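What follows is a set of notes on a single structure, which appears directly below.
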Amino acid sequence: MKKCCIFLLIFISSVILTVNKAYAQEDENIDDIVDIEGEDNSVITDEEPEDEVTTTSTDVDTTVLFNKPVYNGLSTLELPAGNLVELLVGFANKGEYDFILESLDASFRYAMDFNFYIQNFSTVAYNKIVKPKHEATLAYSFIPSENLAGRPFGFNINLNYRDANGISYSEAVYNETVQIIELDDGLDGETVFLYVFLAACVILTLVGGQQLLSSLGRKSRSSSSRKTPVEMGTSNPNNVDYDWLPKETLNRINKSPRTPRQSPRQRRTKKTVDD
């Protein structure tokens, strides 16, 4: 019985190995067929090539002028985050053919790698024709993101145009590192709310202190106006009301020595004894 089981296991293993080798051989054959077909099936098209795109034209001069904010060109350009930036692109045609100004776009790039885009701005189409020996000015504006404040970025401005022969150009009229700054335009919403909250706390504190002082003043006045009873004891046998007397007089009466009251008979007896 054991021998039969061992024989079956060996047979099954050999069958599995044979099938795997067959599949592997088929895969190799398929790869070879694909390689051969890829070599033989080269695609040939009769389509016309696209228009040649170059960077700049020797018959063109371009300039960039920042008018908001004003830039003197002596230091690093600082652009305010969250505020409008306006610039002008000047185009001078020095050649003998017309140029067509198609569009203008701008973008922020990573300062260490200008191929990495941080923020893209809208592309503005102009389609303006500039005659030979003429000039044109294009206006462009954008708003840097507030999240970019406090960091330097590469700023790229591209001008797309073509000449009368259909040759297209894409010139980087500006490609420098700029600094995005945050302007302090005054009080914002959070600051105003903080000031209002602090003013309300101060007012509540003053009102609470005033109420506390007034309550203490009322208690002191009520305690001082309350009259202290005078204990007369046996010195006031006739229950005379001394409350109408001033307080100083009462104190003087209490401090002065008192003699016991004598009847007329006792006074006469004392007088006879003295004689």
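The values are calculated or read from the model by the stated rules, or taken from the named source; none is laboratory data. Just so we're clear, the structure is a prediction, and the values are computed from it rather than from any experiment. Don't worry about glycine lacking a Cβ; one is built from the backbone with ideal geometry, like all the others, and counts go over all protein chains shown. Side chains included, ligands, DNA and RNA excluded: accessible areas come from the protein's heavy atoms. Shrake-Rupley method; radii C 1.70, N 1.55, O 1.52, S 1.80 Å.
Quick notes
- Among the residues making up segment 122-152, those that are outside any strand (DSSP E or B) and closer than 21 Å to Ser168 by Cβ are Ser122, Thr123, Lys131, Pro132, His134.
- Taken residue by residue, segment 173-187 has no member that is closer than 20 Å to Ser57 by Cβ, in contact with a Lys or Arg (Cβ under 7 Å, 6 or more places away or on another chain) and surrounded by 16 or more Cβ atoms within 10 Å (Cβ to Cβ).
- Scanning segment 89-120 for residues that are farther than 17 Å from Thr177 by Cβ and hydrophobic (A, V, I, L, M, F, W, C) yields Val89, Phe91, Ala92, Phe99, Ile100, Leu101, Leu104.
- Count of residues meeting criterion [without any contact (Cβ under 8 Å) to a residue 24 or more places away in the chain and open to solvent by 80 Å² or more (accessible area, probe 1.4 Å)] in segment 121-137: 2
- Condition check for Tyr140: over 15 Å from Val60 (Cα atoms), out of contact with any Lys or Arg (no Cβ under 7 Å at 6 or more places or on another chain) and open to solvent by less than 60 Å² (accessible area, probe 1.4 Å): yes
- Of the criteria (1) outside any strand (DSSP E or B); (2) in contact with a strand residue (DSSP E or B) (Cβ under 8 Å, 6 or more places away or on another chain), which one Phe155 fails: (1)
- The residues of segment 62-119 that are surrounded by 13 or more Cβ atoms within 10 Å (Cβ to Cβ) and among the polar types (S, T, N, Q), listed by number, are Thr62, Thr63, Asn83, Asn93, Ser103, Ser107, Gln119.
- Criterion violated by Leu198 - all others in (1) open to solvent by less than 30 Å² (accessible area, probe 1.4 Å); (2) modelled with pLDDT under 90 satisfied: (1)
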